[in-house]
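One structure coming up, written as structure tokens, with questions to follow.
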């Protein structure tokens, strides 16, 4: 399998995966709603318009492709009745993929979604993610599903860093296995190289497990571009503000899950089949601040 189409290439985690697939020698086609944005990030890549809400655009975009990688997310401002790329869009994609003879669908899911139902926790976003897995498993096309918890990109490109401040909310009671997008991207590339018609589910975890607080402290200690400080926000305040803000409500729920989900190491099969991660938090911080 050499021809891979990517949906979500311009996102936080789609970018390193796209870079890894290109570096591994795949013929990559980026399917994007905003073609100009994608071209600015990947000047030498083949880019074509496509939108999960526009089913007919997918039939055209997938012509000649062999595999598809999906890096999707639910907007922090989304509402339960909105069009959901990970369910409604996935159904559109499956129809177009079958019509074009796609041989494999690879999908970035979430390990923390499994906190749904624990300690009375219930959130519609995780319900969408659980449904997406069901849709993919029943879609009739060989699939690969990746289940990560936390990516190091969240330190400097995601939700932690604002200017010279690293924002923390609540107290992290458990440790997560942090992985860099670069290491994950190599694992995705390897999966397209070694899998044929079998279905696979991979837990994605890095080398070391740290609580949220410890992970952020390690990042700060090894980040040399500027001096950073930690600001802590009470979860109760997030919950209160979340009653009036969809974005804050989203942040409150995701942090509640991350801070309490009892993550256990389960990536040995992933490492055996797709390669062991190499980058620690210290290494990542030094790389992005060099």
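Sorting check: for 75-88, 139-152, 255-268, which peptide has the highest mean count of neighbouring beta carbons within 10 Å, and how do the rest follow?
Final packing ranking: 139-152, 255-268, 75-88.
Please give, to one decimal in nm, the separation of the simple spin-label points placed at residue 194 and residue 46, each 7 Å out from Cα toward the Cβ.
Calculated label separation equals 2.7 nm.
Sticking with this structure for a sec: Going by alpha carbons, how many degrees (0 to 90, nearest 10) lie between the helix axis of 246-260 and the longest principal axis of the chain?
80
If you wrap a convex hull around the Cα atoms of the range 161-290, how much volume per residue is inside, in Å³?
129
Between rounded, prolate and oblate, where does the range 117-225 land on the alpha carbon gyration tensor, with a ≥ b ≥ c its root eigenvalues, rounded for a/c under 1.5, else prolate if a/b exceeds b/c?
Taking the square roots of the gyration eigenvalues as a ≥ b ≥ c, the range 117-225 is oblate.
Here's another thing I want to ask about it. Residue separation times 0.36 nm, minus the C-alpha to C-alpha distance between residue 54 and residue 167: what's the value? Intermediate results must be reported in sequence, preceding the final value.
On the way: separation 113, 0.36 × 113 = 40.68 nm, distance 3.72 nm.
37.0 nm is the gain from fully extending residue 54 to residue 167.
Return the percentage of antiparallel bridges among DSSP beta bridges fully within the chain, rounded to the nearest 5 %.
15
Does anyone have the angle between helix 181-194 and the longest principal axis of the chain? Alpha-carbon axes, 0 to 90°, nearest 10?
The answer is roughly 30 degrees.
Ok, one more. Between residue 23 and residue 265, what length in nm is gained on full extension when 0.36 nm per residue of separation is reduced by their alpha carbon distance?
Here the segment from residue 23 to residue 265 would lengthen by 84.2 nm.
Provide the three semi-axes, in whole Å and in decreasing order, of the ellipsoid equivalent to the range 190-251 as defined by the square roots of 5 times the Cα gyration tensor eigenvalues.
34, 23, 11
Related question: Helix 90-99 versus the longest principal axis of the chain: what angle, 0 to 90°, nearest 10, using Cα atoms?
Value to nearest ten degrees: 20.
Based on the Cβ-Cβ distance of residue 214 and residue 124, what FRET efficiency does E = 1/(1 + (r/R0)^6) give at R0 = 41 Å, to the nearest 0.05?
0.85
Would the range 1-51 count as rounded, prolate or oblate if I go by the C-alpha gyration tensor, calling it rounded below 1.5 in a/c and otherwise prolate when a/b exceeds b/c, oblate otherwise?
Verdict is prolate for the range 1-51.
While we're here: Out of all DSSP beta bridges in the range 82-215, what portion is antiparallel? Express it as a percent rounded to 5.
Details: 4 of 15 bridges.
Close to 25 percent.
Please compute the Kirkwood hydrodynamic radius of the range 1-102 from all pairs of different C-alpha atoms, in Å with one decimal.
For the range 1-102, the Kirkwood estimate is 13.8 Å.
Follow-up. Calculate for the chain the 222 nm mean residue ellipticity that helices alone would give, adding -39,500 (n - 2.57) per DSSP H run of length 4 or more and normalising by residue count, nearest 500 deg cm²/dmol. List each step's numbers first, then the result.
Values: 12 runs with 115 residues, N = 290.
It comes out at -11500 deg cm²/dmol, rounded to the nearest 500.
Taken together, the values in this text are just the output of simple stated rules run on the coordinates, not laboratory data. Computed from a predicted structure; not experimentally measured. Neighbour counts run over all protein chains shown; Cβ positions are idealised from the backbone, glycine included.
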